[in-house]
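What follows is a set of notes on a single structure, which appears directly below.
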Amino acid sequence: MGQLPDDIKSQESEIIKAAEAELKDPARRRLLGNVLTLGGLSLLTGVTLFHGETINDLLKRVSRFNDGAQGFLFNPNDLAPTYKASDIKDPFPFNAFYHLDALEAKAGSVEADTFRLKLSGLIANKQAWSLNDLNALPQVTQITRHICIEGWSAIGQWGGVRFSDFLQRIDADTTAKYVGFVCSDGYFTSIDMATALHAQTQLTLRFKDQVLPLKFGFPMKIRMPTKLGYKNPKHVIEIFVSNTYSGGFWENQGYNWFGGS
Ligand SMILES: Nc1nc2c(c(=O)[nH]1)N[C@H]1C(S)=C(S)[C@@H](COP(=O)(O)O)O[C@H]1N2
Ligand SMILES: [Mo]
């Protein structure tokens, strides 16, 4: 970007500043139809505003480009940055589509001993999994940054089963397009298979080496540092593999489905 003339550089930074402001204001995001991801924001580098076009028009234009192109731009071998234990945010923020006060009522129905993770769709071995059996699989940990589209981010440590290992073990059809998640609090989302197979995508059972607390997603969450927060489902009780698009809780209200960070 160093070679650009100053007037273009300053228009660019004005666009990015305006876009960031749009992203930060929840009311504006809703009005916009939540068109943009942080990945999309970085794609704004190099775009110019057409004559008479508003920032909103431009955001919509870039977002349409995002869902069409990010699947190709996304390199399944690219790793998200990792951090040191001393970088972990304490206390780590809680976020959900309801207030923390409602957590127990919304998501607290799962009993550790009797819980079984349900599997459905294009999976050969659909036997349901207990938490003990999941904990007996080879475990990995990651210290990565969680980025919420509402304008905050925080570094945390998550432990569990590498999701690609799990998909292999249950004999999932990894040529299928989507993996979907059903959550005990009514939340749901779905991801592309390339992200499901990404080396850092994790079926998470622990936060900071402790059993995943309810507020961070007990009985399990799916952690993907290559995706924004809303693509990381907590309280997962069912996983399905499918070629049929099934959207997601926020995605169906306008958030970008790809949701890469
Ligand atoms: N089941 C469920 N998962 C969810 C959500 C939710 O409301 N319910 N919110 C999402 C959003 S928008 C964010 S930012 C993260 C917050 O995760 P945390 O509470 O561990 O910080 O969870 C994501 N996964
Ligand atoms: Mo979020």
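Every number here is computed from the coordinates shown, using simple stated rules; none is lab data. Because the structure is a prediction, the values reported are computed rather than measured. Using ideal geometry, Cβ is built from the backbone for each residue, glycine included, and neighbour counts are taken over all protein chains shown.
Averaged over residues, the count of other Cβ atoms within 10 Å places the peptides 198-209, 247-258 in the sequence 198-209, 247-258, highest first. Charged side chains reduced to their Cβ positions (Lys and Arg at +1, Asp and Glu at -1) give region 77-234 a dipole of some 160 debye around its Cα centre.
Taking a ≥ b ≥ c as the square roots of the eigenvalues of the Cα gyration tensor, an a/c ratio below 1.5 marks region 111-261 as rounded.
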